[in-house]
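Novice: This is the structure I want to talk about, given as structure tokens.
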Amino acid sequence: MVHSVLQSLPGKWADGLGPSSLDQVVDANFLGARPDGTGGAARILFTVGSADVADAVVRSRCGLKGSGSSIFEALSDRERAQHKALWPAYEAARASGQKAQFRRARLFVDGLPVPAPAS
């Protein structure tokens with residue numbers, strides 16, 4: 001099931017990953033309506049066992065550019081809580097014109113990691 005979902009994506013987005021990385025994808029599901037083969041766009045949520053593999057899959061999604069399809073990674077409960085705690089810092093950085101981005105549940109502002117707030 002996982003491989004058939006990932007193989008339904010157009011283009012050669014996974015060429016740089018290699019089979020060992022794809023084998024570590026433990027779950028992949030369509031979000032919303034599943035494409036019916038007529039060129040509809042796919043949105044896929046995937047889960048992996050390793051943050052390194054998740055980063056590799058996310059980096060490879062540039063191969064989907066222009067296809068209308070996209071892939072998203074599922075965060076663990078701990079990562080989701082950390083992401084939520086860092087969201088105000090993300091919004092503040094963007095509002096002040098800084099480059100801010102998440103890599104999984106880690107926030108980087110102007111390329112520097114932002115520590116998670118103490119809970």
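Novice: Fully extended, how many nm does the chain gain between F30 and A85 (0.36 nm per residue separation, minus their Cα-Cα distance)?
Specialist: On the way: separation 55, 0.36 × 55 = 19.80 nm, distance 2.75 nm.
Answer, rounded to one decimal: 17.0 nm.
Novice: Then there is this: How high is the relative contact order of region 63-119, given as a whole-number percent (alpha carbon pairs under 8 Å, six or more residues apart)? Write down the numbers at each step before the final one.
Specialist: Numbers: 47 pairs, mean separation 16.0, N = 57.
Here the relative contact order equals 28 percent.
Novice: Follow-up question, since we're still on this one. Kindly sort V57, V26 by accessible area of their heavy atoms, largest first, with the probe set to 1.4 Å.
Specialist: Values: V57 5, V26 95 Å².
Greatest to least solvent exposure: V26, V57.
Novice: Taking the Cβ-Cβ separation of A118 and S50 as r and a Förster radius of 41 Å, what is the calculated FRET efficiency to the nearest 0.05?
Specialist: Numbers: r = 27 Å, r/R0 = 0.66.
After rounding, the FRET efficiency stands at 0.95.
Novice: First select every other residue whose beta carbon is under 13 angstrom from the beta carbon of Q82; then total the charges, Lys and Arg +1, Asp and Glu -1. Please list the in-between numbers first.
Specialist: Values: positive: R78, R80, K84, R103, R104, R106; negative: D77, E79.
That works out to +4.
Novice: Within the set of other residues whose C-beta is less than 11 Å from the C-beta of F72, count the net charge using Lys and Arg as +1 and Asp and Glu as -1.
Specialist: Details: positive: R43, R61; negative: E73.
Combined, the nearby Lys, Arg, Asp and Glu give +1.
The values are calculated or read from the model by the stated rules, or taken from the named source; none is laboratory data. Please read these numbers as outputs of a predicted model, since none were measured by experiment. All Cβ positions, even for glycine, are placed from backbone atoms using ideal geometry, and neighbour counts span all protein chains on display. Side chains are part of the model used for accessible areas, which takes the heavy atoms of the whole protein and leaves out ligands, DNA and RNA. Shrake-Rupley method; radii C 1.70, N 1.55, O 1.52, S 1.80 Å.
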